[in-house]
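Take a look at the structure below.
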Amino acid sequence: LNQPNQLINYTLSQADTTLILGHRNSEWCGHGPVLEQDIAITNISLDLIGQARNFYQYAAELINHTGGLTKMGSVATEDTLAYLRDASEFRNCILVELPKGDWAHTILRQFFFSAYQFFLYKKLELGCDEQLAAIATKSLKEVVYHLRWSSEWVIRLGDGTDESHSRMVDAAQGLWSYTDELFIPSIEEAWASEQGIASDVSTLKDEWLVKVKEIFADAHLEIPGNTKVQAGGKEGSHTEHLESILSEMQHMQRTYPGCEW
């Protein structure tokens, strides 16, 4: 890939990951355990989708600048990039596309991701790409809240009743094998690191693990033992769950091309 395409693909990977997790969390809207937390997880969904919009808008600008077109033959927009790309073209990590599961799974996934995102954006805002740095700076204000909120819930559930603790243990066992992919550099991430745009994601793992261990200790949870690494999403190899998400999310745009709100 040449330099413009590398930057486009890196930007799309950031957009895809936040969009898919935002969509997953939105499935709790109207179904949260209590009204206040129903609203909280829905607001986090909106934050993540807002971050995705910023990344997609920048990616569209880069694509149009290079004269690229979408499959439909139109100029790229945030909508065409979100709604007209197939699952194999998405570059989100597998962790975010997994079903929402119960409240414990949703909470723990958000904690794992928010901790990663916090350290990622802290580095990205210092990078040499002004637009990506600006998006990271703006998003960090939201990520700090997401991390605090999810951390408190991990502790609340882990150090709660026997039932809530058991569910958190199950969530940790079910999600842990998907966390390593966050720290395995894709081609685009390696390029972004070499260019001084972003940090090498593999270097973020130690800080992330310190944070996870800190919260797990307060929650009386243990880090799961050796598990098989589940990866491939960053290269376009996804589970069937992403197809299901996109089938629902992209239905209107694909059924009525060019429709607008």
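Observations, loosely collected:
- Folded to 0 to 90 degrees: helix 3-26 orientation relative to the chain principal axis, Cα: 40
- For the chain, the solvent-accessible area works out to 47 Å² per residue, with a probe of 1.4 Å and every protein chain left in place.
- Taken over the range 146-261, the ratio of Cα radius of gyration to 2.2 N^0.38 Å equals 1.38.
- Length released on extending from residue 227 to residue 244, taking residue separation times 0.36 nm less the Cα-Cα span: 3.5 nm
- Percent accessible area from carbon and sulfur atoms, the chain, protein chains only, probe 1.4 Å: 52
- Cα-based values for the range 1-105, radius of gyration first and Dmax second, are 15.4, 49 Å.
- Cα-centre dipole for the range 121-197 with unit charges at Cβ (Lys and Arg positive, Asp and Glu negative), debye to 20: 320
- Degrees, to the nearest 10: 162-175 long Cα axis against longest axis of the chain: 40
- Within the chain: Cβ-based charge dipole about Cα centre, in debye rounded to nearest 20 (Lys, Arg +1; Asp, Glu -1): 200
- Once the chain from residue 131 to residue 148 is taken as fully extended at 0.36 nm per residue, the excess over their C-alpha distance is 3.5 nm.
- Fully extending the segment from residue 209 to residue 170, taken as 0.36 nm per residue of separation minus the present Cα-Cα distance, adds 12.1 nm.
- Subset of 100/122; 122/205; 123/205 violating a 18 Å alpha-carbon distance limit: 100/122
- Evaluated at q = 0.09, 0.13 Å⁻¹: base-10 log I(q)/I(0), Debye formula over Cα of the chain: -0.39, -0.82
- Selection from 193, 147, 104, by position along the positive dipole direction of the chain (Cβ): 193
- Restricting the trypsin sites (Lys or Arg not before Pro) of the range 160-261 to loop positions (DSSP other than H, G, I, E, B) with no more than 13 neighbouring Cβ atoms within 10 Å leaves 228.
- Modelled spin labels at residue 218 and residue 141, positioned 7 Å past Cα toward Cβ, are 2.4 nm from each other.
The values are calculated or read from the model by the stated rules, or taken from the named source; none is laboratory data. All of these numbers come straight from a predicted model, not from anything done at the bench. Don't worry about glycine lacking a Cβ; one is built from the backbone with ideal geometry, like all the others, and counts go over all protein chains shown. SASA here: full protein model, heavy atoms, side chains in, ligands and nucleic acids out. Shrake-Rupley method; radii C 1.70, N 1.55, O 1.52, S 1.80 Å.
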